[in-house]
Amino acid sequence: MSVAKKQYKRVTVKSLVDMKANGEKISMLTAYDYTMAKIVDGAGIDVILVGDSASNVMAGHETTLPITLDQMIYHASSVVRAIDRCLVVVDLPFGTYQGNSKNALDSAIRIMKESGGHAVKLEGGSEIAESISRILTAGIPVMGHLGLTPQSIYKFGTYTVRAKEEEEADKLKQDAKMLEELGCFAIVLEKVPAKLAAEVAASVSIPVIGIGAGSGVDGQVLVTHDMVGMTHEFNPRFLRRYLDLHTEMTNAFEQYIKDVKSVDFPNENEQY
């Protein structure tokens, strides 16, 4: 059943909670630079995630672990300067919040003050409860992240689906409730069984946004470079490619090379 879409001049954390209450699905994509963020925001996306996936997408690292707080602030600042409407959520990078709640608060404050972002995202459940609580005491909105948490990839040893076994599924459900009770405004669920994700979404009043978590959640997030086909080596089941920019851009570059070498470019209309 279609739901009438409310027009939000600016999307806030309250807007997302209202969307869930009204049955309106939430759209979320990544951006790491001004130009991409300008396009994504202009299209009407609800949330931009300045993800630590910039470590992979922008810097070519194998994991998200190497990216620094300074680099995240740089990317987030670029995004914030581009947007007019959407909510901008910024990942706290690995090593800036685990095991030290004071460090977590200091890191979150730096992101909010120096980038102008609207909220931060942290990976994990009960293990980081103290850090989340401390950040929230400063009035900084927090988005949680459960399921596959890429910052813990060396602990998992694989990017496979999480919480397929009962014990891990039970902990995920408990952690989701805990994040809600602590005061998180939303939760990302990554690569968990669709049935479990739907149960979690139904059990909490805050929005649950999925990536590889089925359609029973309150919204979806993808890495923009993946969904427009700028990347082509990464082919998980959950990814739908809406464009094939890798092919189109390659063709354009090859044509440009031919035109330059044949002196077809620039022509008389393209010079002064």
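The values are calculated or read from the model by the stated rules, or taken from the named source; none is laboratory data. Because the structure is a prediction, the values reported are computed rather than measured. Quick reminder, even Gly has a Cβ in these numbers, built from the backbone with ideal geometry, and neighbours come from all protein chains shown. The protein model used for the area step is the full one, side chains on, heavy atoms only, and it has no ligands, DNA or RNA in it. Shrake-Rupley method; radii C 1.70, N 1.55, O 1.52, S 1.80 Å.
Which one is nearest to residue 48 (Cα to Cα) among residues in region 108-126 that are touching a Gly at 6+ places or on another chain (Cβ under 9 Å) and open to solvent by less than 10 Å² (accessible area, probe 1.4 Å)?
121
So, in region 127-139, of the ones that are open to solvent by 10 Å² or more (accessible area, probe 1.4 Å) and either touching a strand residue (DSSP E or B) at 6+ places or on another chain (Cβ under 7 Å) or charged (D, E, K, R) (or both), which residue ends up nearest to residue 196 (Cα to Cα)?
Going through the qualifying residues, I end up with 127.
Residue by residue through region 229-272, note down the ones that are within 30 Å of residue 215 (Cβ to Cβ), part of a loop (DSSP other than H, G, I, E, B) and either over 34 Å from the mean Cα position of the chain (by Cα) or among the hydrophobic types (A, V, I, L, M, F, W, C) (or both).
230, 234, 238, 239, 243
Condition check ((1) touching a Pro at 6+ places or on another chain (Cβ under 7 Å); (2) touching a residue at least 24 places away in the same chain (Cβ under 8 Å); (3) polar (S, T, N, Q); (4) more than 23 Å from residue 185 (Cβ to Cβ)) across all residues:
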site: 17; (1), (2), (3), (4): yes, yes, no, no
site: 35; (1), (2), (3), (4): no, yes, yes, yes
site: 46; (1), (2), (3), (4): no, yes, no, no
site: 51; (1), (2), (3), (4): no, yes, no, no
site: 61; (1), (2), (3), (4): no, no, no, yes
site: 65; (1), (2), (3), (4): no, yes, no, yes
site: 82; (1), (2), (3), (4): no, yes, no, no
site: 88; (1), (2), (3), (4): no, yes, no, no
site: 101; (1), (2), (3), (4): no, yes, yes, no
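Within the set of pairs 6+ apart or on separate chains, which have a first residue in region 247-261 that is within 16 Å of residue 230 (Cβ to Cβ), a second that is of a type outside the set (Ser, Thr, Tyr), and C-beta atoms under 9 Å apart?
Qualifying pairs under 9 Å: 247/229; 247/232; 248/229; 249/230.
Among the residues of region 204-227, is any more than 19 Å from residue 129 (Cβ to Cβ), open to solvent by 50 Å² or more (accessible area, probe 1.4 Å), touching a residue at least 24 places away in the same chain (Cβ under 8 Å) and of a type in the set (S, T, N, Q)?
Taking every residue of region 204-227 in turn, at least one turns out to be more than 19 Å from residue 129 (Cβ to Cβ), open to solvent by 50 Å² or more (accessible area, probe 1.4 Å), touching a residue at least 24 places away in the same chain (Cβ under 8 Å) and of a type in the set (S, T, N, Q).
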